[in-house]
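Novice: Right, I'll just put the structure down here and ask away after.
The values are calculated or read from the model by the stated rules, or taken from the named source; none is laboratory data. Note that the coordinates shown come from a computational prediction; the quantities given were computed from them, not determined experimentally. Every residue, glycine as well, gets a Cβ built from its backbone with ideal geometry; the counts of neighbours run over all protein chains shown.
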Amino acid sequence: MKHLEFHAVLLLSIFVGIGLAYPTEDQLKDRITKLPGQPENVFLSQYSGYVTVNEEAGRALFYWLVETEEANTSKPLVLWLNGGPGCSSIAYGAAEEIGPFRINPDGKSLYSNPYAWNKLANILFLDSPAGVGFSYSNTTSDLYTAGDQKTAEDAYTFLVNWLERFPQYKHRDFYIAGESYAGHYVPQLSQVIYRKNKGIENPDINFKGFMVGNAVIDDYYDYIGTFEYWWVNGLISDDTYKRLRIACEFDSSLHRPQNCGIAFAIASIEQGNIDPYSIYTPVCNATAATLKPHLRGPLGRLYGAFDPCTSTYSEVYFNRPDVQKALHANVTGIPYSWTACNYIVVRNWGDSPLSMLPIYQEILDAGLRIWVYSGNTDSVVPVTASRYSIASLNLPTIINWYPWNDNGEVGGWSQVYEGLTFVAVRGAGHEVPLHRPRQAFTLFKSFLENKNLPFSTLTTQSLNHKRSVRPKRKITMPSSMHHFPS
């Protein structure tokens, strides 16, 4: 009997050692048994709840962890962040992009996402900063004092405290991904982690790199690239293009000079009733207000698989008491409705550095991985803006611009630099996984495997992996700026 007991203890210690122990008591409190409307015969390991990041202020951030479908302790952990600033990663990333389920138009039932990213990694969604989505603060002033620095600090504190609750993810390969204004959140948090990890041989947060999509990177190049995109795609007149270039001092996109604001208003009128986040797809005609303020009026549907009203379904679903109970959310019983974006937060946003490029350089110098991707039908943070920002880094080119393959068709284009890979996704808007889920899945898989996106034999032969090195030049940037709202 003692012999059997010894083997039982040994076996248990092995499971614990490789991270396969049963969930702890704290984890069990956060376990999602089943979501209302979840498809039958779908079994996932999911957890959600709150992690306190500031006891004194009563700030707590809401998370949703979706583990890989297979029991594999080597799969990495990926933190997903949406931007805004002030928009929920649950509403966008989890519910309409890369999560395991999408919400049906009735706002009651769910259907499975065949290209969910948890098929490849453990995905951790975070509502950040406090006041966004289900995250909250007991200090009202926190909603009016949010900014880049506090957001990065709170996100780091969240990770440290979350890993105490989920210690099996300590030392696991860790990546950060996100889109839009998370083009600030992601590199800033990456920088905090990288600097905190310095000198630690085996850090709890085993940071390996980051990936951002249609990301706010550098305000100067974002302005230049956006105006150019509008003009080249025929969205504005020649006169308005010139007016924008003259009137906008590239000083602040949140607090524009008066003449710049007038130029933007003229541009908006000229663009008409289109979805600026996806210029060739229809807008949502739902009577409920959409969360993207420029969505108005009908357009013919070009891509049958795309539903422009997905964010309105989230508004219905996540306001249901049974859904909030299943997610262990809204534990404080807030007296107002859940919304995908908190406009108090965005209107009062504080610090927002001009450029993320110095952080990019710091991360690249550390030998960490960076991928930047861009849907080429987004006019809010367009592909041209990303290309200008990346070009300013003057990185040596490893593989020149080439079309990458998606099921025998061109999925987009890519260029591989030393330490950084840029990917354009054909036909995708601001939220690439929403518009092109299969291509986004391929992109994510390639990022995790650190492999170039697939290209044809003909393309391979013609490119021949030629190397060309750009001459170094100094990056010149103006003094201060904010971001494009998204």
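Novice: Report whether or not A263 is over 22 Å from S392 (Cβ atoms) and modelled with pLDDT under 95.
Specialist: Here the answer is yes, as A263 does meet what is asked.
Novice: May I ask you to list the residues in region 122-150 that are closer than 19 Å to Y175 by Cα and surrounded by fewer than 24 Cβ atoms within 10 Å (Cβ to Cβ)?
Specialist: Once the filter is applied, which keeps residues that are closer than 19 Å to Y175 by Cα and surrounded by fewer than 24 Cβ atoms within 10 Å (Cβ to Cβ), region 122-150 yields only N122.
Novice: Which residues, taken from region 71-97, are in contact with a Ser or Thr (Cβ under 8 Å, 6 or more places away or on another chain) and over 16 Å from C341 (Cβ atoms)?
Specialist: K75, W80 - these are the residues of region 71-97 that are in contact with a Ser or Thr (Cβ under 8 Å, 6 or more places away or on another chain) and over 16 Å from C341 (Cβ atoms).
Novice: If a residue must be over 12 Å from V423 (Cα atoms) and either over 20 Å from the mean Cα position of the chain (by Cα) or among the small types (G, A, S) (or both), how many such residues does region 365-398 contain?
Specialist: Here the count works out to 15.
Novice: Answer with yes or no whether E56 is over 19 Å from the mean Cα position of the chain (by Cα), closer than 20 Å to L443 by Cα and surrounded by fewer than 23 Cβ atoms within 10 Å (Cβ to Cβ).
Specialist: Taking the combined requirement at face value, the residue does not satisfy it.
Novice: Now, a different point. Having 1 or more residues that are in contact with a Leu (Cβ under 8 Å, 6 or more places away or on another chain) and either buried (at least 17 other Cβ atoms within 10 Å of the Cβ) or modelled with pLDDT of 50 or more (or both) is the bar; report the helices (runs of 4 or more DSSP H) wholly within region 415-486 that clear it.
Specialist: It comes to 432-435, 437-449.
Novice: What are the pairs, 6+ residues apart or on separate chains, where a residue within region 25-47 that is farther than 19 Å from A94 by Cα has its Cβ under 6 Å from a residue that is part of a helix (DSSP H, G or I) and not acidic (D, E)?
Specialist: Note: pairs meeting the criteria are D26/R165.
Novice: Being among the aromatic types (F, W, Y) and farther than 30 Å from F441 by Cβ is the filter here; which residues of region 207-229 pass it?
Specialist: Scanning region 207-229 gives Y220, Y223, F227.
Novice: Does Y115 meet the test of being modelled with pLDDT of 95 or more, assigned by TED's automatic domain parsing to the domain that holds G178, surrounded by fewer than 22 Cβ atoms within 10 Å (Cβ to Cβ) and assigned to a strand (DSSP E or B)?
Specialist: In short, no.
Novice: Assess whether L395 counts as being in a loop (DSSP other than H, G, I, E, B), touching a residue at least 40 places away in the same chain (Cβ under 8 Å) and either of a type in the set (A, V, I, L, M) or closer than 26 Å to Y280 by Cα (or both).
Specialist: Spelling it out, L395 is indeed in a loop (DSSP other than H, G, I, E, B), touching a residue at least 40 places away in the same chain (Cβ under 8 Å) and either of a type in the set (A, V, I, L, M) or closer than 26 Å to Y280 by Cα (or both).
Novice: Pairs, please: C-beta under 9 Å, at least 6 apart or cross-chain, first residue at positive phi and in region 406-428, second of a type in the set (K, R)?
Specialist: Hits for this filter: N407/R438; G412/R426; G412/R436; G419/R369; G427/R436.
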